[in-house]
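Following: one structure in C-alpha cells, then a few remarks.
The values are calculated or read from the model by the stated rules, or taken from the named source; none is laboratory data. These numbers come from a predicted model, not from an experiment. Cβ sites come from the backbone with ideal geometry, for glycine too, and all protein chains shown count toward neighbours.
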Amino acid sequence: MTIRTLLTALSLSLVAAVASAGAMRDGAVIRNSGSTNTAPYEIKFWSDGSALLLVQGRQPRTFRVDADTTARFFRDVEAARSEPGAMQHCMKSASFGTRTTVAWHDYTSFDLQCPPLSPSVARLGTDVGVVQASANLDTRIRRIPLPRDIRMIPTATPEVQPT
C-alpha cells in the first residue's frame, strides 16, 4: 500500500467521521409522574422529530412530530433553561395530581402543569402539549372488572349470644 493510498483512505474516513458527527441529533425527555388513575410515562424526543413513548405497563411506541414543532420545542427548552429563577411548585391533589417535566442536557424544568413564571416556560409548556397530542397519549389505567357470576367471599360474622 502506498503512502498516497493510505492518505486517501485516511482522509476519506475523516470526511465520513465529520459528516456523521454533523448528523448527530439532540434529545430531551418529557416525564409525567402519573397518578391514582393514570400511568406514568416518558416521551424520549429527538431533534429530527422522532419520538418514543414509554407508558408504564405498555409496549413502547414510536411516533413523529412535525419539523416546526420540533424546532420550536428545542429552541424553547433552551430559552427556559437560561431563564434564572423560573422554578416553582404549586398545590395539587396527593392522589390525582401529576407532575410534568422536561429534562434536556443538564436542565430539568419545574412542573409545567403549574402556572408559568416566565414567557419562555409558558411556551415550553405549550410545546409539550403539542408533543403529547402528537403521541395520541392515553395513560388511563384500565381496571379489569370481575365477571358478574363471581360471588363475594363470605366473611365470618360474630355470633350474637342470646341474653
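Taking the stretch 57-110 only, how many residues are closer than 19 Å to Trp46 by Cα and either part of a strand (DSSP E or B) or acidic (Asp, Glu) (or both)? Write out each step before concluding.
Step one: filter the stretch 57-110 for residues closer than 19 Å to Trp46 by Cα, giving 60-81, 100-109.
Filter once more, so that each one left must be either part of a strand (DSSP E or B) or acidic (Asp, Glu) (or both): 61-64, 66, 68, 76, 78, 100-104, 106-108.
Residues meeting the conditions: 16.
Looking only at the stretch 37-56, count how many residues are under 21 Å from Arg140 (Cβ atoms) and part of a strand (DSSP E or B). Can you show your working first?
If we filter the stretch 37-56 for residues that are under 21 Å from Arg140 (Cβ atoms), which is where we start, we get 37-43, 51-56.
Now drop any that are not part of a strand (DSSP E or B), which leaves 38, 41-43, 51-55.
The number of residues fulfilling the criteria is 9.
Please go through the stretch 88-104 and give me each residue that is of a type outside the set (S, T, N, Q) and touching a residue at least 24 places away in the same chain (Cβ under 8 Å), ordered by number. Break it down into steps so the answer makes sense when it comes.
Here is the first cut: in the stretch 88-104, the ones of a type outside the set (S, T, N, Q) are 89-92, 94, 96-97, 99, 102-104.
Of everything in the stretch 88-104, those that are of a type outside the set (S, T, N, Q) and touching a residue at least 24 places away in the same chain (Cβ under 8 Å) turn out to be His89, Cys90, Phe96, Gly97, Arg99, Val102, Ala103, Trp104.
Taking the conditions (1) of a type outside the set (Gly, Ala, Ser); (2) modelled with pLDDT under 70; (3) surrounded by 12 or more Cβ atoms within 10 Å (Cβ to Cβ) in turn, Val160 satisfies each one other than (3).
Quick one: in the stretch 15-34, which of the residues that are modelled with pLDDT under 85 and either in a loop (DSSP other than H, G, I, E, B) or touching a helix residue (DSSP H, G or I) at 6+ places or on another chain (Cβ under 7 Å) (or both) is farthest from Thr108 (Cα to Cα)?
At the first step, the residues of the stretch 15-34 found to be modelled with pLDDT under 85 are 15-24.
Checking the rest, the ones that are also either in a loop (DSSP other than H, G, I, E, B) or touching a helix residue (DSSP H, G or I) at 6+ places or on another chain (Cβ under 7 Å) (or both) come to 23-24.
On the way: Ala23: 25, Met24: 22 Å.
Selected residue: Ala23.
Given the criteria part of a loop (DSSP other than H, G, I, E, B), surrounded by 15 or more Cβ atoms within 10 Å (Cβ to Cβ) and modelled with pLDDT under 85, does Pro116 qualify? Yes; evaluated as a whole, the condition is true for this residue.
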